[in-house]
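Take a look at the structure set out below.
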Amino acid sequence: MVKITKESALEYHQSGRPGKIEVKPTKPYHTQTDLSLAYSPGVAFPCLEIQSNPNDVYKYTDKGNLVAVISNGTAVLGLGDIGAMSGKPVMEGKGLLFKIYGGIDVFDIEVDEKDPEKFCEAVEKIAPTFGGINLEDIKAPECFYIEERLKKTLDIPVMHDDQHGTAIISAAGLKNALEVAGKDIANVRIVVNGAGAAAISCTKLYVALGAKVENIVMLDSKGVITADRPNLTPQKQMFATKRTDVHTLEEAIKGADVFVGLSKGNVLSQDMIRSMADSPIVFALANPVPEISYEDAMASRPDVLMSTGRSDYPNQINNVIGFPYIFRGALDVHAKAINEEMKMAAVHAIADLAKQPVPDIVNEVYHVNDLSFGPKYFIPKPVDPRLITEVSAAVAKAAIESGVARKTITDWDSYKKNLMELLGQETKLTRNLHDTARMHPQRVVFAEGAHPSMMKAAVQAKTEGFCYPILLGNPDRLRRVAERLKLNLDGIELIDMRADQEQGRRATYAKHLAKKRARQGYTFEEAYDKMYERNYFGMMMVETGDADAFITGLYTKYSNTIKVAKEVIGIRPEFSTFATMHILNTKKGVFFLSDTLINRHPDENVLIDIARLSADTVKFFNEEPHIAMISYSNFGTDEIGSPVKVHNAVEALQSRYPDMIIDGEMQVNFALNKQLRDDKYPFTRLKGLDVNTLVFPNMSSAQGSYKLLQALDPDAEIIGPIQMGLNKPIHFTDFESSVRDIVNITAVAVIDAYVDKIKREK
């Protein structure tokens, strides 16, 4: 599990623009006409249309994609009643999740009011702004009353996610876990430890799935909730048992089939699990410490089916699997409510998804090939790209069929396609990179260990669990820098390549390099002197197997780094050059640009190698390469200058590699505009395809293109440069690279190193 420090959390929230969300315009606003349309006098026309037909508010405003995340701060995470304003970072975080997973806009609303009546009045007055209301972090029992009242008084979806989000995901998990165990929900004995909002809602949904109330025992802080206990809330009365033989958790759990914990950590013992029925189901969902650890539960008996709220163990019950897609489906049909039919539709959609063949992208993230329905996989993973289509569509369909939808969807295939296109690839790429790297952490050498950005990146990569960092530099200086930056270097190897104690390793490396480069005039003495330099020493660590990957570039000129890489690591024998690629992660999708760093003025043979390397690299990122070779002319319209070499390169590539989807030369606008390209040049190999890979005629055009896009669109995430064609994982950074950039390159380097090991083992 990722360890988060106070310093890193505060830095994350305050760096750059404070907070985690912002509002952005969606219409042009640069001209006087734009402004007159956006506001006065043009804005009057949609106002009058809405007055005539209130449902037109969904046509002319963002209401249909706008959710309010509303809290009074009385039950914030595990922090308790910390107040409305103190809970704002959580509400912003919820807004972030809504946006990245569901494409839903959010205003976070913190209401400084604990009185349920007054709180409801405040929400009711602002409700016309929104297409849905997500209640968050409101303590029980007030949360029950607030939700029920708002559901009655408002004509938009209202859901208290702490209750129903957890309930929906855990119910889907329980449904599937019972199927794996071969048990009927109508007959199983269920123990629920906890009686707060989430526990009550979960249990109600289990009953809706078919569980019998008489087979359920619920406990609160006082023990088993029995029917004869005085002063029970209506919610607790619903699940008060008539049994008189159980008072404690230890007594209640004997012979039980299911344990659901929504209480506090370390209250369930191994002996208690051993006392349960065959194939017991244990959902230990307390946060941050579960009722029993995954390791202890699995060690207690071999037949236990286990879920936690943690991402580093199987069967994570995570609300993000539910709420973005539930609201997505509700908003898309302009629903008046989120009713029981919609919640149950979400349960079944999530449960059914776990039984379908797992897409490669999910297997790759978790680096398994056998992820399939069973004891270790009965809940879909949060990274599953099918969640937005399957869950949202199921919820939308249930809203239509149950009569709460204002809008009807008839073409469900088109709807699902629109959902897939809604978010594009934004944020998914880096998320998958980090998750994949985390599965197989590698030893990564950071050349400029004392550089603040590189040190921060190394520490972050270690904290995220995908890297064993090695920092080059004087240890005393490194520690001083770390102390100044308030970074913890525990567990990070520090190597001073110039220190006396490294004499033996310098000699070993020099001997290796001198032997490798003997025919290029290298002597041992010359090679030994080179080992005092960070790039030579660090690359030799990778060359000899003392490390798995190397990151450099913040200080050193590219020309020098390239020279060293060729000498020490060497170019793959099937190529005559190596190259670099930048990945642009934009709202319109992911694009791969080459060569952005190495080859200044490539001839047609070098362009051929760059295109081949690019194709291999795009496949490395699990995409099918659709390559356009870029020039300032289209298909032979200019017969002199650089278009000629591009033209010849394309001709050779198409001849030698008939299966490669590549064409050119062409201008960038034709490459990226499928309709324009296909209309004017219907003969291309790219007909009907969206280009995702651009190979430029020289380094100036490639580098200028990605930096221009970076400057014009700060939201476009850029990963690179990614090395292509060297014998070992050596990766470069720009001197202006941010910590985030270096972390992303590190993730790429880790995956590269792991794949390299696999290839060498074959």
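Each row is one residue, and each column tells you yes or no for (1) at pLDDT 95 or above; (2) in the same structural domain as Lys139 (by TED's automatic domain parsing); (3) within 17 Å of Leu135 (Cβ to Cβ).
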{"position": "His13", "(1), (2), (3)": "no, yes, no"}
{"position": "Val23", "(1), (2), (3)": "no, yes, no"}
{"position": "Asp34", "(1), (2), (3)": "no, yes, no"}
{"position": "Asn72", "(1), (2), (3)": "yes, yes, yes"}
{"position": "Leu77", "(1), (2), (3)": "no, yes, yes"}
{"position": "Gly87", "(1), (2), (3)": "no, yes, yes"}
{"position": "Gly93", "(1), (2), (3)": "no, yes, yes"}
{"position": "Gly103", "(1), (2), (3)": "no, yes, no"}
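Within the stretch 31-79, the set of residues being among the small types (Gly, Ala, Ser), free of Cβ contacts under 8 Å to residues at least 12 places away in the same chain and exposed (fewer than 13 other Cβ atoms within 10 Å of the Cβ) comprises Ser36, Ser40, Ala44, Ser52.
Considering (1) at pLDDT below 95; (2) more than 20 Å from Leu305 (Cα to Cα); (3) hydrophobic (A, V, I, L, M, F, W, C), the lone condition that Val158 does not fulfil carries the number (1).
Within the stretch 133-167, the set of residues being surrounded by fewer than 23 Cβ atoms within 10 Å (Cβ to Cβ), part of a helix (DSSP H, G or I) and of a type in the set (A, V, I, L, M, F, W, C) comprises Phe144, Ile146, Leu150.
Could you tell me which residue of the stretch 415-438 is nearest to Asn622 (Cα to Cα), considering only residues that are hydrophobic (A, V, I, L, M, F, W, C) and modelled with pLDDT of 85 or more? The selected residue is Ala437.
Could you tell me whether Asp734 is modelled with pLDDT of 85 or more, among the acidic types (Asp, Glu) and surrounded by fewer than 24 Cβ atoms within 10 Å (Cβ to Cβ)? No; evaluated as a whole, the condition is false for this residue.
Taken together, the criteria exclude Thr523 from residues that are surrounded by 14 or more Cβ atoms within 10 Å (Cβ to Cβ), more than 28 Å from Glu761 (Cα to Cα), of a type in the set (Ser, Thr, Tyr) and assigned by TED's automatic domain parsing to the domain that holds Ala450.
Within the stretch 544-558, identify whether any single residue is out of contact with any Lys or Arg (no Cβ under 6 Å at 6 or more places or on another chain), surrounded by fewer than 22 Cβ atoms within 10 Å (Cβ to Cβ) and part of a helix (DSSP H, G or I), and answer yes or no. The answer is yes, given that some residue of the stretch 544-558 is out of contact with any Lys or Arg (no Cβ under 6 Å at 6 or more places or on another chain), surrounded by fewer than 22 Cβ atoms within 10 Å (Cβ to Cβ) and part of a helix (DSSP H, G or I). May I ask you to verify whether Lys118 is more than 32 Å from the chain's Cα centre (by Cα) and more than 20 Å from Thr74 (Cα to Cα)? Against the criterion (more than 32 Å from the chain's Cα centre (by Cα) and more than 20 Å from Thr74 (Cα to Cα)), Lys118 does not qualify. Among the residues of the stretch 730-744, those that are farther than 11 Å from Phe550 by Cβ and of a type in the set (A, V, I, L, M, F, W, C) comprise Phe735, Val739, Ile742, Val743.
Among residues of the stretch 496-554 being aromatic (Phe, Trp, Tyr) and out of contact with any Pro (no Cβ under 8 Å at 6 or more places or on another chain), the one that is modelled with the lowest pLDDT is Tyr522. Taking the numbered list (1) more than 39 Å from the chain's Cα centre (by Cα); (2) surrounded by 15 or more Cβ atoms within 10 Å (Cβ to Cβ) in turn, Ile662 passes all entries but (1). What tally of residues in the stretch 168-206 results from selecting those that are among the acidic types (Asp, Glu) and either closer than 23 Å to Gly78 by Cα or crowded, with 24+ Cβ neighbours inside 10 Å (or both)? So the count comes out to 0. The residue list Ile253, Ile317, Ile321 contains one member that is within 30 Å of Ile133 (Cβ to Cβ), out of contact with any Pro (no Cβ under 8 Å at 6 or more places or on another chain) and either modelled with pLDDT under 95 or not small (Gly, Ala, Ser) (or both), which is Ile317.
Conditions tested, residue by residue: (1) within 29 Å of Gly538 (Cα to Cα); (2) over 25 Å from the mean Cα position of the chain (by Cα); (3) part of a strand (DSSP E or B).
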site: Gln710; (1), (2), (3): no, no, no
site: Ile718; (1), (2), (3): yes, no, yes
site: Ile742; (1), (2), (3): yes, no, no
site: Ala749; (1), (2), (3): yes, no, no
site: Asp752; (1), (2), (3): yes, no, no
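Can we say Thr561 is in contact with a Gly (Cβ under 7 Å, 6 or more places away or on another chain), on the phi < 0 side of the Ramachandran plot and part of a helix (DSSP H, G or I)? Yes, satisfied. Which ones in the stretch 312-359 are farther than 23 Å from Phe283 by Cα, surrounded by fewer than 23 Cβ atoms within 10 Å (Cβ to Cβ) and aromatic (Phe, Trp, Tyr)? Answer for the stretch 312-359, where residues must be farther than 23 Å from Phe283 by Cα, surrounded by fewer than 23 Cβ atoms within 10 Å (Cβ to Cβ) and aromatic (Phe, Trp, Tyr): there is none. Taken over the stretch 245-263, the criterion of being under 31 Å from the mean Cα position of the chain (by Cα) and in a loop (DSSP other than H, G, I, E, B) is satisfied by Leu262, Ser263.
Looking across the stretch 163-189, the residues that are farther than 20 Å from Pro234 by Cβ, aliphatic (A, V, I, L, M) and in contact with a helix residue (DSSP H, G or I) (Cβ under 6 Å, 6 or more places away or on another chain) come down to Ile168, Ile169, Ala171, Ala172, Ile185.
The values are calculated or read from the model by the stated rules, or taken from the named source; none is laboratory data. All values derive from a computational prediction rather than experimental measurement. A quick note on method: Cβ atoms are made from the backbone with ideal geometry, for glycine too, and the neighbour counts reach across all protein chains shown.
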